[in-house]
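The values are calculated or read from the model by the stated rules, or taken from the named source; none is laboratory data. Since the structure is predicted, the reported quantities are computational estimates derived from the model, not experimental observations. Methodologically, a virtual Cβ is constructed for each residue, glycine included, from the backbone with ideal geometry; neighbour enumeration extends over all protein chains shown. SASA here: full protein model, heavy atoms, side chains in, ligands and nucleic acids out. Shrake-Rupley method; radii C 1.70, N 1.55, O 1.52, S 1.80 Å.
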Amino acid sequence: MAAALASPRCCCRPSPRPAGSPRCRRPVARCALPSEKRNSFSWKECAISVALSAGLITGTPTLAWSAHASPLKPVIPDVSVLISGPPIKDPGALLRYALPIDNKAVREVQKPLEDITDSLKIAGVRALDSVERNVRQASRALSNGRSLILSGLAESKRANGEELLDKLAVGLDELQRIVEDRNRDAVAPKQKELLQYVGTVEEDMVDGFPFEVPEEYSSMPLLKGRATVDMKVKIKDNPNLEDCVFRIVLDGYNAPVTAGNFLDLVERKFYDGMEIQRADGFVVQTGDPEGPAEGFIDPSTGKVRTVPLEIMVDGDKAPVYSETLEELGRYKAQTKLPFNAFGTMAMAREEFDDNSGSSQVFWLLKESELTPSNANILDGRYAVFGYVTENEDYLADLKVGDVIESIQVVSGLDNLANPSYKIVG
């Protein structure tokens, strides 16, 4: 699982992390090296992954999953969607590019900062020569494009944007000194800090919500913007891990109905105390309540509350609803929120009912070399509405029966319109 293997999963030498970010606790001081995780990848998972990839090419149905609310039981289209070029797999980068903005100047600062990740794949201090080129390119882009970046900010957020750009300039100078001091270990934490500044500047360019939700869904809980939640999971029967907090960013700019539904359920404490109900190496899934109902029963109606399938296509002004991209014949369309990242979060639904999503959600785990990003049979069939941005590699450790102790909103609750959790009854 490529994303999980990108860095050592090590409790005795944890990687630097910003103060206040989620953490996972291991009860023993044992380092699990990437090679150990690779060796644990089962032949069954490998075979299924190969089958998925083959299905993209042959058009043959390959998998049979659980009967209800399954995220994976698609009919493979005859036309394969194989996108050329390296896909973006980092959840933070996917979220930045998914923002409804069009400002080339800020993207020219963002790109070389993201390229530092690839530069650090070079062994030893030689990587720093490549990092230095990245830093100089980003600094030059910021200097040359500052006025264009400022002009793209929403007027109400201009002052905050200017402050962030000042911090970004200072941070780039600090990163340059880190490189000159040949301090390789300090590069990635500083890169993360600078990309957080860039991402916030880009969010400050969004002026209002970019489209009108269709009238038939406009009274539902809608996330008109973004929100961040922390999901704390109690790990059972794992001597190496006690509990873990997963930070998740919900994207209402591209899936307002789906993300709004989930955030509303979070505020109802719907998921608190619920077990992980599926963990098979491809997905982790939860959200099926006790009893015969397979979703959330709205107390105001006594019926299961469902949401429509909601897919934002790159280049479109608003999502498409109630139909898969295959059903629309848009085989080559790229989704704004693709299943590229380890820990991509999406709404589960019944196989033959596009609008049957309710409360069951899943996080995708996959070996991207075998199930290529941007050539994924899930894109356009299931509604992605967020990404795990912290501790996503630990999703692979979750097992059926592990308990979600709580999901708590960190920020963005004020972006939730029509919240039903405030309605008594």
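Brief remarks on what is shown
- From the list E212, E216, the one residue that fits, being part of a loop (DSSP other than H, G, I, E, B) and either in contact (Cβ under 8 Å) with a residue 40 or more places away in the chain or within 24 Å of A333 (Cβ to Cβ) (or both), is E212.
- Of the listed requirements (1) open to solvent by less than 30 Å² (accessible area, probe 1.4 Å); (2) over 19 Å from Y387 (Cβ atoms); (3) in contact with a helix residue (DSSP H, G or I) (Cβ under 9 Å, 6 or more places away or on another chain), N238 misses just one: (1).
- Residues of the stretch 82-102 that are in a loop (DSSP other than H, G, I, E, B), touching a Phe, Trp or Tyr at 6+ places or on another chain (Cβ under 6 Å) and either farther than 20 Å from G152 by Cβ or at pLDDT below 95 (or both): none at all.
- Scanning the stretch 288-322 for residues that are closer than 22 Å to N254 by Cα, open to solvent by less than 60 Å² (accessible area, probe 1.4 Å) and either polar (S, T, N, Q) or in a loop (DSSP other than H, G, I, E, B) (or both) returns R305, P308, L309, M312, D316, A318, P319, S322.
- Scan of the stretch 276-287 for residues that are part of a loop (DSSP other than H, G, I, E, B), touching a strand residue (DSSP E or B) at 6+ places or on another chain (Cβ under 6 Å) and open to solvent by 20 Å² or more (accessible area, probe 1.4 Å), ordered by number: Q277
- The stretch 397-425, residues that are closer than 21 Å to K236 by Cβ, under 22 Å from the mean Cα position of the chain (by Cα) and part of a loop (DSSP other than H, G, I, E, B): L398, K399, V400, D402
- Picking from residues in the stretch 133-144 that are out of contact with any Asp or Glu (no Cβ under 6 Å at 6 or more places or on another chain) and crowded, with 17+ Cβ neighbours inside 10 Å, the one that is nearest to D102 (Cα to Cα) is L142.
- Of all residues in the stretch 326-339, those being in a loop (DSSP other than H, G, I, E, B) and either crowded, with 21+ Cβ neighbours inside 10 Å or among the acidic types (D, E) (or both) number 6.
- Among all residues of the stretch 192-200, there is none that is in a loop (DSSP other than H, G, I, E, B), surrounded by 15 or more Cβ atoms within 10 Å (Cβ to Cβ) and of a type outside the set (D, E, K, R).
- Test for D272: is it over 14 Å from the mean Cα position of the chain (by Cα), open to solvent by 40 Å² or more (accessible area, probe 1.4 Å), touching a residue at least 12 places away in the same chain (Cβ under 8 Å) and at negative phi: yes
- Residue satisfying all of: in the stretch 241-269; within 15 Å of V361 (Cα to Cα) and of a type in the set (F, W, Y); surrounded by the fewest Cβ atoms within 10 Å (Cβ to Cβ) among these: F246
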